[in-house]
């Protein structure tokens, strides 16, 4: 009875205190679960509060006046940046540092809700209807969302236009960088970049993740074709020419921002040292000393900085034992301070978190403090916004570092004219235009390298003769374009509207020659040998990682084609479509002529031009062509691993 009365008095005294006491009874599982639930709800509530705009929370942040300084195009950019920065909340600043993949956007309204600074189209992130108009509609809808935010800061829309606006069906596909490197023509590279910029502008895109300033030292790497050369001087010259063309202001339109990538020493990774277990060399480790840093890897970026490149993308590789993206020495001390880079630093796909040996929260802290300004997330943008805000509030990332990053991003947006120019006439007629295709054909002809030409077989005569054509690359615009075309890993077949295969180009120029084609080189019913057989052999398209190859050689089916043509033709010409030099030492002695056409893109007629003498062979090898696998890697001076001469030196071309 006594116990009951005490309990009754306690209950009558305060139901609230009893409830608190029950919640503190950790030895009771049910009550403990309730406490955990309450804590979780509090966390969720705090998270939800952050992920709402101030106006959603009932806060009346003043809209900027119509005559705000940052809106005045006549004011100095520095003044406009500082004025806008002073009006931004912390959340608005952090949002500018987020770069999100289009296919990862939960709701299109998130662009304005979280003040996102950039969007991109990653692998396969294209409109439902893949046409120039479809791209313009998709990008315009996303960009218009920025107008719904308080400060109406324009959003960047980025894409990998590595060799033309190649994700768009019907666009002009130029030679990959390795082909442009073989041309050694800076003016041509600038013209290609300007044409690409015009096609990007037509579809609303304002940021190109190009050019690659990588240093390919090992042909086993699957991204050799993305670089101009392994020579730092040639790399820097052509990279700067590309940036100048890409960022040149076009009448009535904002300019396109370029991104020099992949900082630093990407392409010089060691075989079998990849961080990614699926790959052999890509995303691996670069071992080099300070001297190599200064003499081989930094010069192309110095050239890019000197012509005002807007952004620099950080690679997924390591420098020694440290991820490049974690290195304050490389990002801040070398790039920003020593080279004087005034643009902003952006990560590669998932680059903040890829191979990080920490939590995502700590990875954000490490990379931003190292000098990263914008994170290509590309998925978990809400977590990024929460983590960075938490890190700033706790002092783990300083507000001055956030202000520096955002100032750099805003400066480039102002510089490109994004705040001041509304594009009314997108110029869709520029996409795949006759003028651009003619330029691409010229670029193809300038990039082809003549490796062998016994008895001056090439150029071929247009007089009456019999020519057999065969091989996997003869009538395949997809293979001659390579990866980063329509799809990330490329396509196999004639997918590009308006594209011309090499076979089609030959037929247009063959004059009175009798042309026969069979992909396998099986020509039944021949009563005599043909005058010439042309084998157009190719690599299957490949992009990063999946292109890593321990033994880059000609495929068995194409070798069989060559053998058949040798039996059915008096002379044999071999045209090699590849993203890198292939090991051909044992085969080339049996060919009458050999041509390296690289990955020429949509205008196969350019290859026909040099084969039939409409254009002269002028291309020179942009990197050494090894004779055996044991020579790899070949260093910048052209010295092979076993101190023997390569099959062809850099700069070779008949």
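Among the residues making up region 199-221, a single one is farther than 21 Å from residue 142 by Cβ and not in a loop (DSSP other than H, G, I, E, B): 212. State whether the residues of region 135-152 include one that is crowded, with 22+ Cβ neighbours inside 10 Å, under 21 Å from the mean Cα position of the chain (by Cα) and in a loop (DSSP other than H, G, I, E, B). For region 135-152, residues crowded, with 22+ Cβ neighbours inside 10 Å, under 21 Å from the mean Cα position of the chain (by Cα) and in a loop (DSSP other than H, G, I, E, B): absent.
For region 458-470, the set of residues classified as crowded, with 16+ Cβ neighbours inside 10 Å and touching a strand residue (DSSP E or B) at 6+ places or on another chain (Cβ under 8 Å) consists of 458, 460, 465, 466, 467, 468, 469, 470, listed by residue number. Considering every residue within region 343-359, establish whether at least one is in a helix (DSSP H, G or I) and farther than 18 Å from residue 264 by Cβ. Taking every residue of region 343-359 in turn, none turns out to be in a helix (DSSP H, G or I) and farther than 18 Å from residue 264 by Cβ. Restricting to region 335-361, and then to whatever is touching a residue at least 60 places away in the same chain (Cβ under 8 Å) and out of contact with any strand residue (DSSP E or B) (no Cβ under 7 Å at 6 or more places or on another chain), can you tell me which residue is farthest from residue 299 (Cα to Cα)? The selected residue is 354.
Return the residues of region 310-333 that are more than 18 Å from residue 376 (Cα to Cα) and in contact (Cβ under 8 Å) with a residue 60 or more places away in the chain; say none if nothing qualifies. The answer is 330, and nothing else. Checking 453, 494, 476 one by one, the residue that is closer than 30 Å to residue 226 by Cβ, surrounded by fewer than 18 Cβ atoms within 10 Å (Cβ to Cβ) and under 34 Å from the mean Cα position of the chain (by Cα) is 494 and no other. State all residues of region 163-194 that are buried (at least 24 other Cβ atoms within 10 Å of the Cβ) and under 20 Å from residue 230 (Cβ atoms); if no residue qualifies, say none. Once the filter is applied, which keeps residues that are buried (at least 24 other Cβ atoms within 10 Å of the Cβ) and under 20 Å from residue 230 (Cβ atoms), region 163-194 yields 163, 175, 176, 177, 178, 179, 180, 181, 182, 183, 189.
On the stretch given as region 563-591, residues that are part of a loop (DSSP other than H, G, I, E, B) and within 35 Å of the chain's Cα centre (by Cα) total 7. Selection of region 516-553 for residues being more than 28 Å from the chain's Cα centre (by Cα) and more than 21 Å from residue 493 (Cα to Cα) yields 523, 524, 525, 526, 527, 528, 529, 530, 531, 532, 533.
Of everything listed in (1) modelled with pLDDT of 95 or more; (2) within 28 Å of residue 131 (Cα to Cα); (3) surrounded by fewer than 17 Cβ atoms within 10 Å (Cβ to Cβ), the single unmet condition for residue 500 is (3). Checking each residue in region 634-650 for being assigned to a loop (DSSP other than H, G, I, E, B) and touching a residue at least 24 places away in the same chain (Cβ under 8 Å) picks out 634, 635, 636, 647, 649, 650. Looking across region 414-436 at every residue that is assigned to a helix (DSSP H, G or I) and touching a helix residue (DSSP H, G or I) at 6+ places or on another chain (Cβ under 9 Å), the one that is nearest to residue 181 (Cα to Cα) is identified as 436. Say whether the condition of being under 24 Å from the mean Cα position of the chain (by Cα) and closer than 22 Å to residue 325 by Cβ is met by at least one residue in region 412-434. So far as region 412-434 goes, yes, one or more of its residues are under 24 Å from the mean Cα position of the chain (by Cα) and closer than 22 Å to residue 325 by Cβ.
The values are calculated or read from the model by the stated rules, or taken from the named source; none is laboratory data. Just so we're clear, the structure is a prediction, and the values are computed from it rather than from any experiment. Glycine gets a Cβ as well: all are built from the backbone with ideal geometry, and neighbour counts include every protein chain shown.
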